[in-house]
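Shown next, in C-alpha cells, is the structure this report addresses.
Just so it is clear, none of the values below were taken in a lab; they were calculated from the coordinates. Quick caveat: nothing in here was measured; it's all calculated off a predicted structure. Glycine gets a Cβ as well: all are built from the backbone with ideal geometry, and neighbour counts include every protein chain shown.
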Amino acid sequence: MIEGLKPYAEYKESRLPWLGRCPKHWSLRRTKILFQERVQKGFPDEPLLAATQTKGVVRKEDYETRTVTAQKDLHLLKLVEIGDYVISLRSFQGGIEVAHYRGIISPAYTVLKPRKAVATGYYSHFFKSKQFIDSLSLFVTGIREGQNIDYRRLSRVEMPLPLPDEQVAIVRFLDHANRKIDSFIRAKRKLIGLLNEQKQAIIHRAVTRGLNPDVPLKPSGIPWIGDIPAHWEARKLGSLFLRHGSGTTPSGDAYYGGGVPWVMSGDLKDDLLVTTKRTVTESALKDFSALKLHPKGSLLVAMYGATIGKTGVLNMAACSNQACCALASPRSTVNPVFIQSIVIMARPHLMQQAYGGGQPNINAEVVRSLRVPLPPLAEQDSILAYLDGATIPLNTAIARTEREIALMQEYRTRLTTDIVTGKLDVREAAAKLPELPSDDTPEPVVDELLEESELETNQE
C-alpha cells in the first residue's frame, strides 16, 4: 500500500521547531484561526461523554465504568458536537481527541469547533501524531497529576494546513492503512489468545493432576478444580503463608522516588516481579503503619477492578498499596510460584465474588479463603520444572507475536506522522484506493494479512 510513496517536490521551513520543513504549498495558520472554542452550556438532557486516548470522545455509558459519573449540575457541562475536538486533562499525554457523539462533557475541558476549511477529519489524525503530541509539552502547566494544556498559549501557535482536497486524500489514505493494520493486529491477538489457551491447558493439567497419569484421584471439594491426586491436600490460600496484609497509598510527594519498590495492581503480570513503576522512601514505611515491607517470595494478588486476580511473586523485598493482597513468608512446604500458577487459574472464580458498583472489588478475606490443591514440596518443584520446558515453545511464539504487534503499532505511528506532517505525498495513491468496505465485510484470512503487511513490517 505504501509502495511508491515519495516526498513532495518542494518544501519550505515552517519556523516550528517540532515540525521542521513542510510542503511549500501548505499554509500555516494559528490554531484559533482554524478552530473556534465552543463554550455552550445548558444542555442537561444530552448524554454524558468521556474523552479517551484510545477511542476518542465517546458516550460515557459505552466506555469502561472506571470513570466517575456526574450526578448534578449537568447544565454546567459543555456541549460537544460530532466532529468537535476536545482537549482533556490527559491530552498532553495522548493528543487531542475527536468527538464521535453529541453530548456534554466536563467544563474543565476545552472544546474546539473546526472551521469550514478544516472540517475534513485531517486534524483527527494530525492531533494524534507523535510529532504533535511531543510538541504539547511546550504548552503544559502544572506538575504531576495537576498537569494540563494551556489553550491560551496553544491557540496562538501555527499549525500546518493542507489544501482541502489534499486533506481529504490524507484522511482517505490513512483510513485505508489503519483498517489493514487493525485487521493484522486483531488476527495476531487472536493467535495470542489461542496460544495462551493451549498454555493454560497444559498448566491446568499439571497443577491439578500432577505428572503421573495413573495416580489415584479423590474429590478436592473445590468446584473449579474437580478431582486431585489422592495424596494431595486441599488448603486455604491464607494457611500457606505466615503473614498476610495489604498496604496503603502514601500521601505527599515527599514520600515517593525513594529506594523501596512500591507495588500497585498494574505491576502484577502473573510472573516474577522484578521491578515496579514507582518507589517510596524509607520514611514512608515509618510514617504509614499499613505500609509493610514484604520479603522476597511473597505472593501478591490484585483485588480491584479489571486487575482482580492478577498476581506477582516478589523477586525482591517490596511494599504494596491497598489494591494488593500480600501473602508473605511462604511456609517451608510451599513453593510460591507453584501456588501462583493455581491462583492464575482461579481468576474467573475470584472475579465472580467481586462486589461494588462502577469498579467491583474483592477483599483480602476472599483471597485468603481461596482453596487450592497442595502437592508435597518436591512434587511442586518437579511440576514447575516440567512446565518450564513444556511451555517454552508457546512462550516463544507468544513473545514473537507480541513483538510483531508492537512493530506494526510503531509503524502506524511513524506512517501517520510522516503523512500528516507532509513528509510523504499520498495524493496519487489515495486516488487509486477503492471505497472502504462496510464493517460487516468478512476480514481477510491471516495468511492474506501477513502477505499484505509483509512490506509494511519490513519497513521496520
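Just a few scattered comments:
- Loop trypsin sites (Lys or Arg not before Pro), the stretch 171-213, which have at most 14 other Cβ atoms in a 10 Å radius of their Cβ (DSSP): none
- Measuring nothing but how far apart in sequence close Cα pairs (under 8 Å, 6+ apart) lie, relative to its length, the chain scores a relative contact order of 17 percent.
- Per residue of the chain, the DSSP helices (runs of n ≥ 4 H) give a summed -39500 (n - 2.57) that works out to -10500 deg cm²/dmol at 222 nm.
- Each Lys and Arg adds +1 at its Cβ and each Asp and Glu adds -1 at its Cβ; summed about the Cα centre, the chain shows a dipole of about 1440 debye.
- Helix 377-390 and the longest principal axis of the Cα set of the chain meet at an angle near 40°.
- Taking every C-alpha pair closer than 8 Å and separated by at least 6 residues, the mean separation divided by the residue count of the stretch 233-371 gives a relative contact order of 31 percent.
- Environment charge at Thr401 (Cβ cut-off 11 Å; Lys +1, Arg +1, Asp -1, Glu -1): +3
- For the stretch 233-371, lysine pairs with C-alpha atoms less than 22 angstrom apart, excluding pairs fewer than eight positions apart on the same chain, total 13.
- Net charge of the neighbourhood of Gly193, taken over other residues with C-beta under 11 Å away and scored Lys/Arg +1, Asp/Glu -1, is +4.
- In the chain, the longest principal axis of the Cα atoms and the axis of helix 446-458 are about 60 degrees apart.
- Under-5 Å amide H pairs with Ala318, H placed in peptide plane, nonlocal only: His294
- Angle in degrees between helix 164-209 and the longest Cα principal axis of the chain, rounded to the nearest 10: 0 degrees
- Straight-distance candidates among the lysines for linking to Lys72, with alpha-carbon spacing under 18 Å and chain neighbours fewer than 8 residues away dropped: Lys41, Lys60.
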